[in-house]
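Just below is one structure, and these are the notes that go with it.
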Amino acid sequence: TLARFGPIEINGQVSVSENVIRRQLTFKPGDLFTRREMRESQRKLYGLELFEFVNIESREDQALEAPDVPIRVTVAEGKHQKVNLGVGYGTEEQARARIRWDHVNFLGGARHAGVESKWSSLDRGVRAEYREPFFLRPHFSLNFEGQAWQANEPVYSLNTVGGRITLRHQANSQNRWSVSLINEY
């Protein structure tokens, strides 16, 4: 007998809305049951970088030989804000410093914002990015990136200022495409 996905129970979320988790699932109640879809959904949830732990399992204890298999999604949220700081010294770069701040649930809805700054004798500048993970439809995301960066190599000097907007579509791991508008000098 072919089984179908049944009701979906979600546990463990604190500040991430249940809707964000449901949008990452590659199946819905009534779809044909496959373990591959459960693994793909788990991979997508980890990809949000919101969770330290994600488990998707069938609740066979409640299935009672029914054609609909109940599903339990259990998550444990990680820290949403991260700061990385690096300081060092190298023979080529001399003294160097780098700081990066990321917020993986910026304004809720699994939006991602990040800022990076670096300084050394060869490389320096600032980069910022913002990602809207669900733009108009679940398979679309919209990214904004901007930078002011300077690279001083022994044989050339490069100054980059500008940004890009990228619209991405990803139905699954094999079916994806993107379109970018780039305005960098």
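The values are calculated or read from the model by the stated rules, or taken from the named source; none is laboratory data. Bear in mind that the values here come from a model prediction, so they are computed numbers and not experimental data. All Cβ positions, even for glycine, are placed from backbone atoms using ideal geometry, and neighbour counts span all protein chains on display. Only protein heavy atoms, including side chains, enter the accessible area calculation; ligands, DNA and RNA are left aside. Shrake-Rupley method; radii C 1.70, N 1.55, O 1.52, S 1.80 Å.
Considering the range 52-71, the residues that are crowded, with 17+ Cβ neighbours inside 10 Å and out of contact with any helix residue (DSSP H, G or I) (no Cβ under 6 Å at 6 or more places or on another chain) include one that is modelled with the highest pLDDT, namely Ile71. Checked against the criterion of being surrounded by 15 or more Cβ atoms within 10 Å (Cβ to Cβ), without any contact (Cβ under 8 Å) to a residue 60 or more places away in the chain, in contact with a strand residue (DSSP E or B) (Cβ under 8 Å, 6 or more places away or on another chain) and in a strand (DSSP E or B), the range 170-179 contains one or more residues that satisfy it. Listed by first and then second residue, the pairs linking a residue in the range 137-153 that is over 30 Å from Lys44 (Cβ atoms) to a residue that is open to solvent by 50 Å² or more (accessible area, probe 1.4 Å) and not aliphatic (A, V, I, L, M), with Cβ atoms under 6 Å apart and 6 or more places separating them unless they lie on different chains, are Gln150/Arg124; Gln150/Asn159. For the range 129-161, a residue qualifies if it is of a type in the set (D, E, K, R), under 22 Å from Val179 (Cβ atoms) and either in a loop (DSSP other than H, G, I, E, B) or open to solvent by 60 Å² or more (accessible area, probe 1.4 Å) (or both), and the qualifying residues are Glu129, Arg131, Arg137, Glu145. Within the range 1-26, the set of residues being closer than 23 Å to Gln174 by Cα and either polar (S, T, N, Q) or part of a strand (DSSP E or B) (or both) comprises Phe5, Gln24, Thr26.
Could you say whether any residue in the range 27-39 is of a type in the set (Asp, Glu), surrounded by fewer than 17 Cβ atoms within 10 Å (Cβ to Cβ) and assigned to a helix (DSSP H, G or I)? Write out each step before concluding.
Taking the range 27-39 and keeping what is of a type in the set (Asp, Glu), we get 31, 37.
If we keep only those that are surrounded by fewer than 17 Cβ atoms within 10 Å (Cβ to Cβ) too, we end up with 31.
Pick out the ones that are also assigned to a helix (DSSP H, G or I) and you get none.
So far as the range 27-39 goes, no, none of its residues is of a type in the set (Asp, Glu), surrounded by fewer than 17 Cβ atoms within 10 Å (Cβ to Cβ) and assigned to a helix (DSSP H, G or I).
Could you list, in sequence order, all residues of the range 74-128 that are assigned to a strand (DSSP E or B), in contact (Cβ under 8 Å) with a residue 24 or more places away in the chain, open to solvent by 30 Å² or more (accessible area, probe 1.4 Å) and closer than 30 Å to Met38 by Cα? The answer is Thr74, Ala76, Glu77.
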